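Engineer: Can you keep this structure in mind? I'll have questions shortly.
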Amino acid sequence: MRPFDQPVVEAGRVGGELPSSGSGGRLRAFAPLRRLTADTDLLLNGLCVLFAVGFIALAVRSAAMSGAFISTDSLFMTAVCLMLAGVFMVSPALMLWERGLLKMPSFAIPEGEALIDEGPIHFEGSMRLFLNVLGGLLVLTVIEVALAYFQVPLYIMLTILIGLSLIKAALIVAYFMHLRFERMSLVLTLIPILVVCICLLFIFFPDSTRSLNLRTTRAGAVATPEAR
Amino acid sequence: MAEAETIHDVIQPAAAHAHAPSVAAHHHGPPTGFIRKYIFSVDHKVIGIQYLLLAMAAVLVGMLLSVLMRMNLTWPGTAWPLLEILFPIGAKGGVMTPEFYLSLVTMHGTMMVFFVLTTAPQGGFGNYFLPIQIGAEDMAFPTLNMLSFWVTFVGFVALIAAAFVEGGGPTGGWTGYPTLSAIGGKLNVPGMGSAQNLWWNGQNLWIISIAIFCVASLLGALNFITTLLNMRTRGMSLMRMPLTCWSWFTTAILALLAFPVLLAAGVLLFLDRTADTSFFVPGGLSDGTRVLTEHNGGSPILWQHLFWFFGHPEVYIAILPGMGVTSHVLSTFARKPVFGYRAMVFAMFAIGLLGFFVWGHHMFLSGMSPYTGMAFSVLTLTIGVPSAIKTFNWIGTLWGGRIRFTTPMLFAIGFVSLFVAGGVTGIVLGQTSLDLSMHDTYFVLGHFHLVMGVAAIFGMFAGTYFWFPKMFGRMMSERLGKIHFWPTFIGVYAIFIPFHIMGIVGMPRRYASFEEYEFLRVLDPVVLFVTIAVIITVAAQFLFWYNFFWSIWKGEPAGDNPWEATTLEWSTSSPPPHDNFGGRVLTVYRGPYEFAVPGAPDDYVMQTTPDAAEENQSPLVQGGSEISGNGHNGHKH
Amino acid sequence: MGRALAVFIWVMTLATVWMFVDGRWWFPESITAHGPAYDRQFLISIIVVGLTFAAAQIGLGVMLWRYGSSRRGGNERAVYSHGSNRLEVVWTIVTAVIFVSLGLMGQRVWAQLHFNNAPAGSAQIRVTAQQFQWNFHYPGADNKFGRTDPAKIADASANFIGLDEDSPGAKDDVVVPTLAVQVDRPVELVLSARDVTHSIWVPELRFKQDLVPGLNISVHFTPVKTGKFELACAELCGQLHYKMKSYLLVLPENEYREMAALPPAQFKTRMTELLKKYPLGSVPH
Amino acid sequence: MSTEAHAVDQSTLAADWGGGTFPYHVGHKKLGMWLFIVSDAMTFSALLIGYSYVRASSDEWPAPFHFYPSVVFSTVMTLCLLASSFTMVMAVGASARRDKRAARRWIMLTMLGGLTFLVLHLYEWYHLIHDYGLKPFSLPAEWAREWPNAPPLFGACFFTITGLHMFHVLTGVIYLGWIAFKIRRVRHEDVEVSGLYWHFVDLVWMFVFPLIYLMSVYAE
């Protein structure tokens, strides 16, 4: 996908775009600077790639060094490193894209596809399909309830429950809410936004466990001097 | 330009529109009758002006509150007879009490952040100009739009009411940190309610007000996003939108995702106050005579997380529209395309995205895990990168321009200057170590007032002076505008730069008086200086109000395009007709900032001007024709 | 108009830089072990900030000075340019490197204070803040803290922290409104609040930490200069927030040891005397 | 500016981002509803995360729900919602076939599912408040004895989250009722949008049910 973009502009019509590297000639004002930077272009992007690789290495290190990787702190540090790596990858990726070395799938509608309400309404899925989905949801629910019945240990239960619930949510969103039959661009807009934002809320958890350990109402909350 | 290809291929072939979507939910004729026309209007232009007037009322209140605050800080204990008439309880005998000071602080913060910085640039200008700039005839959901405004208005009334209920205004600060805000009533903190007054107290009304505001904002936000995505006229690709539209778009996304979290937090805090739940209140607390046994198990840090998860994006909600307006105005009056349009868009999105990752920098010292703090710190400093890109590009836009120093341009330049001045100190505050001393001092106040307060307000001033001719069909007085600019620009620097050094010396914020502390004595002359600057600057603002209202009726008539600007709002009449373009459906042929195009007859080329090769192609398609595929064919029904 | 604005922006830039360089209004002298590192980091940051600020403002002024329309020929147009990708890349990378490295450098003092436990042999003092008063709880001669219980809090009988007099080790415990510590010896403060959030702050310490109700937050630092300093509350805690003041006394080793060994009543009297004895500010030793 | 660049333009000319069309190929109302759902999902996420936060920061948390009747009861409620989601999707399908009569019938069935859920849930509340003495601000004495270190937050979390969800179900039932009432005059898109809202309510329950009920099952 070319996010929020259209090649009409890309090609350098009178749109308010940056000149592509091939057509920088318009920039009379910056001629000396351009000469200076022409050679550094690759170098700088290379530098960016180096930074990105460095951050990925840091992320891997953070993942490898932490004894318990499934601590939110360590997850968070890894995520931050990966994000910084992503930030540094933007510029090289843009360069590749500009030079046509990096292709992204397009989401154009096929000609003549019917629009919203007029004409035959596009509605995919049959009763059979929806019954199958409903059946799937029911089976998952039964598994969840069975877990509760058989008294699985709390943390295993939590993990499985969250996993199953995510599957159920995905089924509902995909089939009942019909997102599976919408265009990919809508899916790629809505889902990542929600996933990112909800994952961000998970950053609260290091503090909840920290709060637990620092509670004043807990016996032995403070190590006394002689205990140390 | 010579090698320009024909543009009409850009437009979808007519065939694709044969089944044009007729979701004309926004279709409505011009209203008749005063109430439908001016009060409960569904016209985005009227709603935009309503938002602006609301913000102007709120900013007046907020500003006067700040003058009162400065007066109390500079001359503590002085009796101001006038005050006693207005606030017989808070200022008995005309002397401000410390709790009255705190309620001023809270009201000033809430009023400014919510009802000025969020309302005016987004609700006001965004509502008025977003549909026009993308060539739509209204917002996607006009009725929802009207509801958003009136719900906001109810929130405003609730906030004003909070100041006048028994017990006085809320005293928890605009961040409303528990446990003070949750159990303040039980600790006999004024303005926090008491056992006898569980419901109608300042703090509860404050929560109700912001909860209402949250609902209004998120409804408004989804309206903005839908309008912008679905209702752009033909040829208006995203990369041809004015930067103002980009800024409103980004802001709306932030609002859509941030406000619901505050809403949830507000509900929980409200329950803590009224239903004795303990989401934010831990156990083992005491008021000195008894243990508050009804509370146990909560955590004040949870509120801080939820609040700042909203609060940090909110900062960008306030400033991003200002950035958009500034880019727009700078380009128009430098008579030069925006430098690095695409980079500007990416930077704006990067700021919005990173804005969600950094809320923890408000909480370094709040008892949050220090490891988390470290990660937040690094991310915070990366926000400097897109901000720097924007600054460079603004200066780059001026480079080689032919700058016309009109009033909107002066304010836009002021925005750039103030944004830099306020933004750079973020580098200091974003570092965990340095925050050890700087947190909760006047250094922070200087930083955020410059960058999200005054810079954003300068963006609004630029917008007002720039768009006033379009909104009311008359020019604002340029002479008065320039007289307004100078004391304002000098004044805000005189106020907020000294704040930084006060912070370095160590002046804590939210203090009703500094008399207690010896180490602050050295700052006495600075405090006095700032207060005088505040009074002069605030006085100068009345010039603006005078100019605004005088010009509505007496201003010089403005033509359709007095500034020789390029975007779509300037291709309709001033003020625009009810459906914005008089039934025309515009076609956009180029980017938004085509100034100084070599070979063009004028030094500006409107977005709707077809290229010479296509003059014979009808540029403007009449509404109702078969190729009106922009969801605007409501008029043929 | 453009040139006037340019001149104003330059003058304002100069005035601002002067305010920071002049030194009349600056940090009080630092008295902790981590203070110099803090000051150095602050200085580096403020220089970077100052340079960025000045460069941007001066650049802005130059544009205004040079490109006003009235100063150019009648029909001359602005340069037609949409920008430059390379310049964008250059300044993105330059600012990213500067800001991120500054951010990483800025973690050092933080890590030193927060990622390590208090060093062995540090004096532990428990701090319980309340509206609008500080309570510092010393273990007394036996170096053992008595038990505290919120149920026993009674302001009327001056038991502000709910000290259980009958618990082991409580007999010689002292609760005073002033913080006294020994110079050159690490101090560990165990912070908590009994009603709302407060924040302990002594500018000279370059140190601040919120006291969160319901949590015991442990922090540590090492004072290296003796003297008396003002201690403030930095988090909004209610109507008398601005009056929630106390003092930090950094005492020489002999004075501190002598006082710490005293029984509660004398401990308090001695502290009052010491408070009177020291003037505000640090004392060379 | 080059010709091949222009050729690229043409390949995506009909593209959605160029204005004059719906880029996601969904109308205003549907896009608006999706955005509202995203926003509302954030509200519920914040509440559920808040609940998890206080639960994780407590030494102990009550697990008071006996498998029978509470879990069985809430399972039936879950089935109600799931079934109503299914009927709703059938309503949307019928509406797409322009079979308004069938659409109305399916919507009525959906409302029935929703109402059953509401009634069962209110009964559940009544049971907890009346028979156990659960309050938003305190635990029943019996539970407090069993889990002495537990904070009194169980009721607060339970009532806040299920209450807000119940409010959504109630709004949904009213909304669907209005659509069913006006079925002859509303567009297909309106039916579809009301369906989206209803499925979202169902989806939220898919997280509320395990996190609130199944994670609090009494250890026999």
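Engineer: Among the residues of the stretch B:306-328, is there at least one that is in a helix (DSSP H, G or I), within 17 Å of D:Thr160 (Cβ to Cβ) and over 26 Å from the mean Cα position of the chain (by Cα)?
Structural biologist: Looking for residues that are in a helix (DSSP H, G or I), within 17 Å of D:Thr160 (Cβ to Cβ) and over 26 Å from the mean Cα position of the chain (by Cα), one finds none in the stretch B:306-328, hence no.
Engineer: Out of contact with any helix residue (DSSP H, G or I) (no Cβ under 7 Å at 6 or more places or on another chain) and either at the interface with chain C (Cβ under 7 Å from one of its Cβ atoms) or in a helix (DSSP H, G or I) (or both): which single residue out of B:Gly401, B:Gly367, B:Gly396 fits that description?
Structural biologist: B:Gly396
Engineer: Determine whether B:Phe259 is in the same structural domain as B:Tyr177 (by TED's automatic domain parsing), buried (at least 24 other Cβ atoms within 10 Å of the Cβ), without any contact (Cβ under 8 Å) to a residue 40 or more places away in the chain and aromatic (Phe, Trp, Tyr).
Structural biologist: Considered against the rule, which asks whether it is in the same structural domain as B:Tyr177 (by TED's automatic domain parsing), buried (at least 24 other Cβ atoms within 10 Å of the Cβ), without any contact (Cβ under 8 Å) to a residue 40 or more places away in the chain and aromatic (Phe, Trp, Tyr), B:Phe259 comes out as no.
Engineer: Among residues belonging to the stretch B:404-426 that are assigned to a helix (DSSP H, G or I) and of a type in the set (Ser, Thr, Tyr), point out the one that is farthest from the chain's Cα centre (by Cα).
Structural biologist: B:Thr407
Engineer: Oh, and also: When residues of the stretch C:42-98 are filtered for being open to solvent by 60 Å² or more (accessible area, probe 1.4 Å) and among the small types (Gly, Ala, Ser), how many remain?
Structural biologist: Count: 3.
Engineer: Now a separate question. Being of a type outside the set (A, V, I, L, M, F, W, C) and on the phi > 0 side of the Ramachandran plot narrows it down to one residue among B:Gly311, B:Gly340, B:Gly266; which is it? I'd like the intermediate steps shown before the answer.
Structural biologist: On the way: B:Gly311 fails: on the phi > 0 side of the Ramachandran plot; B:Gly266 fails: on the phi > 0 side of the Ramachandran plot.
Result of the check over B:Gly311, B:Gly340, B:Gly266: B:Gly340.
Engineer: Mind listing whichever residues of the stretch D:177-196 are facing chain A (nearest Cβ under 10 Å) and either in contact with a Ser or Thr (Cβ under 8 Å, 6 or more places away or on another chain) or under 17 Å from D:Val38 (Cα atoms) (or both)?
Structural biologist: Matches in the stretch D:177-196: D:His188, D:Glu192, D:Gly195, D:Leu196.
Engineer: Looking at (1) farther than 28 Å from B:Gly591 by Cβ; (2) more than 9 Å from every other protein chain (Cβ to nearest Cβ); (3) at pLDDT below 95, which is the only condition C:Thr52 fails?
Structural biologist: Exception for C:Thr52: condition (2).
Engineer: Count, please, the residues in the stretch B:443-467 that happen to be open to solvent by 10 Å² or more (accessible area, probe 1.4 Å) and under 19 Å from B:His108 (Cβ atoms).
Structural biologist: Going through the stretch B:443-467 one residue at a time, the tally reaches 11.
Engineer: From (1) in contact with a Phe, Trp or Tyr (Cβ under 7 Å, 6 or more places away or on another chain); (2) aromatic (Phe, Trp, Tyr); (3) modelled with pLDDT of 95 or more, pick out the condition that doesn't hold for B:Phe529.
Structural biologist: Condition (1) is where B:Phe529 drops out.
Engineer: From the list B:Gly124, B:Gly90, B:Gly109, which one is within 18 Å of the chain's Cα centre (by Cα) and under 21 Å from B:Met192 (Cα atoms)?
Structural biologist: Values: B:Gly124 fails: under 21 Å from B:Met192 (Cα atoms); B:Gly90 fails: within 18 Å of the chain's Cα centre (by Cα).
After applying the criteria, what remains is B:Gly109.
Engineer: Given the criteria polar (S, T, N, Q), in contact with a Ser or Thr (Cβ under 7 Å, 6 or more places away or on another chain) and within 7 Å of chain B (Cβ to nearest Cβ), does C:Gln107 qualify? It would help to see each step written out before you state the result.
Structural biologist: Details: polar (S, T, N, Q): yes; in contact with a Ser or Thr (Cβ under 7 Å, 6 or more places away or on another chain): yes; within 7 Å of chain B (Cβ to nearest Cβ): yes.
Yes: the conditions hold for C:Gln107.
Engineer: Which of the residues spanning the stretch B:551-566 are part of a helix (DSSP H, G or I) and touching a helix residue (DSSP H, G or I) at 6+ places or on another chain (Cβ under 8 Å)?
Structural biologist: B:Ser551, B:Ile552
Engineer: May I pose another question? For the list (1) in a helix (DSSP H, G or I); (2) facing chain D (nearest Cβ under 7 Å); (3) modelled with pLDDT under 85, I need the number of the one condition that A:Tyr155 fails.
Structural biologist: All conditions are met except number (2).
Engineer: If you don't mind, there's one more thing I want to ask. Restricting to the stretch C:198-230, name every residue that is among the acidic types (Asp, Glu) and part of a strand (DSSP E or B).
Structural biologist: Start the filter on the stretch C:198-230 by keeping residues that are among the acidic types (Asp, Glu), which leaves C:204, C:210, C:230.
Answer for the stretch C:198-230, where residues must be among the acidic types (Asp, Glu) and part of a strand (DSSP E or B): C:Asp210, C:Glu230.
Engineer: Going by what's in this entry, would B:Phe346 be described as surrounded by fewer than 22 Cβ atoms within 10 Å (Cβ to Cβ), hydrophobic (A, V, I, L, M, F, W, C), over 22 Å from B:Leu418 (Cβ atoms) and away from chain D (no Cβ under 14 Å)?
Structural biologist: When the stated conditions are applied, B:Phe346 passes them.
Engineer: Another question, then. Checking the conditions here, which among B:Phe415, B:Phe357 is touching a Leu at 6+ places or on another chain (Cβ under 7 Å) and either in the same structural domain as B:Met460 (by TED's automatic domain parsing) or under 21 Å from C:Ser45 (Cβ atoms) (or both)?
Structural biologist: Details: B:Phe415 fails: touching a Leu at 6+ places or on another chain (Cβ under 7 Å).
Among B:Phe415, B:Phe357, only B:Phe357 is touching a Leu at 6+ places or on another chain (Cβ under 7 Å) and either in the same structural domain as B:Met460 (by TED's automatic domain parsing) or under 21 Å from C:Ser45 (Cβ atoms) (or both).
Engineer: Please go through the stretch C:178-197 and pick out each residue that is more than 10 Å from chain B (Cβ to nearest Cβ) and either without any contact (Cβ under 8 Å) to a residue 24 or more places away in the chain or in a strand (DSSP E or B) (or both).
Structural biologist: Of the stretch C:178-197, the ones more than 10 Å from chain B (Cβ to nearest Cβ) are C:178-190.
Matches in the stretch C:178-197: C:Leu179, C:Ala180, C:Val181, C:Gln182, C:Val187, C:Glu188, C:Leu189, C:Val190.
Engineer: Within the set of pairs 6 or more residues apart or between chains, which connect a residue that is facing chain D (nearest Cβ under 7 Å) and of a type in the set (A, V, I, L, M, F, W, C) inside the stretch B:215-237 to a residue that is open to solvent by less than 10 Å² (accessible area, probe 1.4 Å) and part of a loop (DSSP other than H, G, I, E, B) with Cβ atoms less than 6 Å apart?
Structural biologist: B:Leu229/D:Pro23; B:Met236/B:Ile134; B:Met236/B:Gly135; B:Met236/B:Val588; B:Met236/D:Gly19
Engineer: If you don't mind, another one. Take the residues in the stretch C:1-24 that are within 26 Å of B:Pro408 (Cα to Cα) and facing chain B (nearest Cβ under 8 Å), then tell me which one is most open to solvent (accessible area, probe 1.4 Å).
Structural biologist: C:Met1
Engineer: Another one. Going through the stretch C:124-141 one residue at a time, which ones are open to solvent by less than 30 Å² (accessible area, probe 1.4 Å) and of a type in the set (Gly, Ala, Ser)? Talk me through it step by step, then tell me what you get.
Structural biologist: Applying the first criterion (open to solvent by less than 30 Å² (accessible area, probe 1.4 Å)) to the stretch C:124-141 yields C:124-125, C:127-130, C:134-140.
Hits for the stretch C:124-141 are C:Ala129, C:Gly140.
Engineer: If you take the residues of the stretch A:160-218 that are of a type in the set (Ser, Thr, Tyr) and not in a helix (DSSP H, G or I), which of them is most open to solvent (accessible area, probe 1.4 Å)?
Structural biologist: Looking at residues that are of a type in the set (Ser, Thr, Tyr) and not in a helix (DSSP H, G or I), I get A:Thr217.
Engineer: Can you tell me which residue in the stretch C:153-164 is surrounded by the most Cβ atoms within 10 Å (Cβ to Cβ), limited to those that are of a type outside the set (Val, Ile, Thr) and more than 9 Å from chain B (Cβ to nearest Cβ)?
Structural biologist: First pass over the stretch C:153-164, keeping only residues of a type outside the set (Val, Ile, Thr): C:154-160, C:162-164.
Cutting the leftovers down to more than 9 Å from chain B (Cβ to nearest Cβ) gives us C:157-159, C:163-164.
Values: C:Ser157: 8, C:Ala158: 7, C:Asn159: 17, C:Leu163: 22, C:Asp164: 15.
So, considering only residues that are of a type outside the set (Val, Ile, Thr) and more than 9 Å from chain B (Cβ to nearest Cβ), the one surrounded by the most Cβ atoms within 10 Å (Cβ to Cβ) is C:Leu163.
Engineer: Applying the selection to the stretch A:137-148, what residues are open to solvent by 20 Å² or more (accessible area, probe 1.4 Å) and either farther than 16 Å from D:Tyr213 by Cα or of a type in the set (Gly, Ala, Ser) (or both)?
Structural biologist: Answer for the stretch A:137-148, where residues must be open to solvent by 20 Å² or more (accessible area, probe 1.4 Å) and either farther than 16 Å from D:Tyr213 by Cα or of a type in the set (Gly, Ala, Ser) (or both): A:Leu138, A:Val139, A:Ala146.
Engineer: Which condition breaks for A:Leu134 when tested against (1) farther than 24 Å from C:Ala96 by Cβ; (2) open to solvent by 50 Å² or more (accessible area, probe 1.4 Å); (3) modelled with pLDDT of 70 or more?
Structural biologist: Going through the list (1) farther than 24 Å from C:Ala96 by Cβ; (2) open to solvent by 50 Å² or more (accessible area, probe 1.4 Å); (3) modelled with pLDDT of 70 or more, A:Leu134 breaks only (2).
Engineer: A follow-up question, please. Scan B:Thr274, B:Thr293 and give me the residue that is more than 9 Å from chain D (Cβ to nearest Cβ), more than 24 Å from C:Asp210 (Cα to Cα) and not basic (Lys, Arg).
Structural biologist: B:Thr274
Engineer: From C:Val62, C:Val48, which residue is over 28 Å from the mean Cα position of the chain (by Cα) and either closer than 30 Å to C:Asp184 by Cβ or assigned to a helix (DSSP H, G or I) (or both)?
Structural biologist: Only one candidate qualifies: C:Val62.
Engineer: Looking at the stretch C:231-272, which of its residues are among the small types (Gly, Ala, Ser), in a loop (DSSP other than H, G, I, E, B) and more than 23 Å from B:Glu518 (Cα to Cα)?
Structural biologist: Matches in the stretch C:231-272: C:Ala261 only.
The values are calculated or read from the model by the stated rules, or taken from the named source; none is laboratory data. Being a predicted model, the structure only gives us computed values, none of them experimental. Virtual Cβ from ideal backbone geometry, glycine too; neighbours counted across all protein chains shown. Just the protein is used for accessible areas: all its heavy atoms, side chains included, with ligands, DNA and RNA removed. Shrake-Rupley method; radii C 1.70, N 1.55, O 1.52, S 1.80 Å.
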